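Participant: Once you've had a glance at the structure underneath, I'll fire off some questions.
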Amino acid sequence: MCIRDSFSPETTITRAQMAQIIYNMEGGKPAKNPSSFKDVPSNHWSFKAVSWAKENNIVKGYEDGSFKPNAPITRQDAVAILYRYKIKEATANLSRNKYDGFKDRDQVAAYAQEPMAWAVDRGIVNGDNHKRLNPRNHMKRAEMAQILKNGNKILH
């Protein structure tokens, strides 16, 4: 249970919350042509954030046209969103040396390979004490706070 004025570090972040985090980092600029996904109507609390992030190719939806705003976001999806936010169509100059040292790097989905390597290379993502990235685990608030702290200079 999440209490209104509590950080709740072990609570997972939803896809809508991740879009809101990025939107806030960008200063809350409105989308030029607001439109969202079929399950994020204009009266949804995250509509502005999701609409802006969609317009800027930062968030992706599903083949059925949905975004699943209330679904927990995985670690690899959160990293892919941060990557698309920061890189914005440019190519990342990265070394895969640090990334190759993780035991579960083969569990990272194809679309998240470069974003995860980028995040590891820059020290934004460090993995756990067992040298794992846990790419398919849900992102917790405490983990996102650490990622944003690690990437403060890079992400802003």
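Participant: Return the pairs, sorted by first residue and then second, in which the second residue is open to solvent by 40 Å² or more (accessible area, probe 1.4 Å) and at pLDDT 85 or above, the first residue lies in segment 82-102 and is more than 27 Å from N24 (Cβ to Cβ), the beta carbons are less than 8 Å apart, and the residues are 6+ apart or on different chains.
Facilitator: Pairs that qualify, where the first residue is more than 27 Å from N24 (Cβ to Cβ) and the partner is open to solvent by 40 Å² or more (accessible area, probe 1.4 Å) and at pLDDT 85 or above, are Y99/R105; G101/K131; F102/K131; F102/R132.
Participant: Might you let me know whether segment 57-74 holds any residue that is touching an Asp or Glu at 6+ places or on another chain (Cβ under 9 Å), not aliphatic (A, V, I, L, M) and not in a loop (DSSP other than H, G, I, E, B)?
Facilitator: Checking segment 57-74: not a single residue is touching an Asp or Glu at 6+ places or on another chain (Cβ under 9 Å), not aliphatic (A, V, I, L, M) and not in a loop (DSSP other than H, G, I, E, B).
Participant: Only one of (1) touching a helix residue (DSSP H, G or I) at 6+ places or on another chain (Cβ under 8 Å); (2) open to solvent by less than 80 Å² (accessible area, probe 1.4 Å); (3) farther than 15 Å from Y85 by Cβ fails for R141. Which number is that?
Facilitator: All conditions are met except number (1).
Participant: Inside segment 16-36, can you point out the residues that are closer than 20 Å to S66 by Cβ and at pLDDT below 95?
Facilitator: Hits for segment 16-36 are A31, N33, P34, S35, S36.
Participant: Another question, then. For segment 36-56, give me each residue that is open to solvent by 30 Å² or more (accessible area, probe 1.4 Å) and either in contact (Cβ under 8 Å) with a residue 24 or more places away in the chain or under 20 Å from the mean Cα position of the chain (by Cα) (or both). Quick ask: steps written out before the conclusion?
Facilitator: We begin by selecting, within segment 36-56, every residue open to solvent by 30 Å² or more (accessible area, probe 1.4 Å); these are 38-39, 41-45, 47-48, 54-56.
Answer for segment 36-56, where residues must be open to solvent by 30 Å² or more (accessible area, probe 1.4 Å) and either in contact (Cβ under 8 Å) with a residue 24 or more places away in the chain or under 20 Å from the mean Cα position of the chain (by Cα) (or both): K38, D39, H44, W45, F47, K48, K54, E55, N56.
Participant: Take the residues in segment 144-156 that are farther than 19 Å from E10 by Cβ and loosely packed, with under 14 Cβ neighbours inside 10 Å; name whichever of them is farthest from the chain's Cα centre (by Cα).
Facilitator: K153
Participant: All but one of (1) outside any helix (DSSP H, G or I); (2) over 25 Å from V40 (Cβ atoms); (3) modelled with pLDDT under 95 hold for L133; which doesn't?
Facilitator: (3)
Participant: Among the residues of segment 57-78, what is the count of those that are β-branched (V, I, T) and either open to solvent by 40 Å² or more (accessible area, probe 1.4 Å) or free of Cβ contacts under 8 Å to residues at least 60 places away in the same chain (or both)?
Facilitator: The number of residues fulfilling the criteria is 2.
Participant: Same structure again: Scan segment 68-107 for residues that are closer than 26 Å to S46 by Cβ and either at pLDDT 90 or above or hydroxyl-bearing (S, T, Y) (or both) and report the count.
Facilitator: The total comes to 19.
Participant: Scanning for something outside any loop (DSSP other than H, G, I, E, B) and either on the phi > 0 side of the Ramachandran plot or touching a helix residue (DSSP H, G or I) at 6+ places or on another chain (Cβ under 7 Å) (or both), does segment 25-39 turn up at least one residue?
Facilitator: yes
Participant: Related question: Only one residue in A19, A110 is open to solvent by 60 Å² or more (accessible area, probe 1.4 Å) and small (G, A, S). Which one?
Facilitator: A110
Participant: Can you tell me which of (1) under 14 Å from the mean Cα position of the chain (by Cα); (2) farther than 22 Å from G27 by Cα; (3) modelled with pLDDT of 95 or more is the one W118 doesn't meet?
Facilitator: Of (1) under 14 Å from the mean Cα position of the chain (by Cα); (2) farther than 22 Å from G27 by Cα; (3) modelled with pLDDT of 95 or more, only one is false for W118: (3).
The values are calculated or read from the model by the stated rules, or taken from the named source; none is laboratory data. All of these numbers come straight from a predicted model, not from anything done at the bench. Reconstructed Cβ throughout: ideal geometry from the backbone, glycine too, with neighbour counts over all protein chains shown. Calculation scope for accessible area: heavy atoms of the full protein, side chains included, ligands and nucleic acids excluded. Shrake-Rupley method; radii C 1.70, N 1.55, O 1.52, S 1.80 Å.
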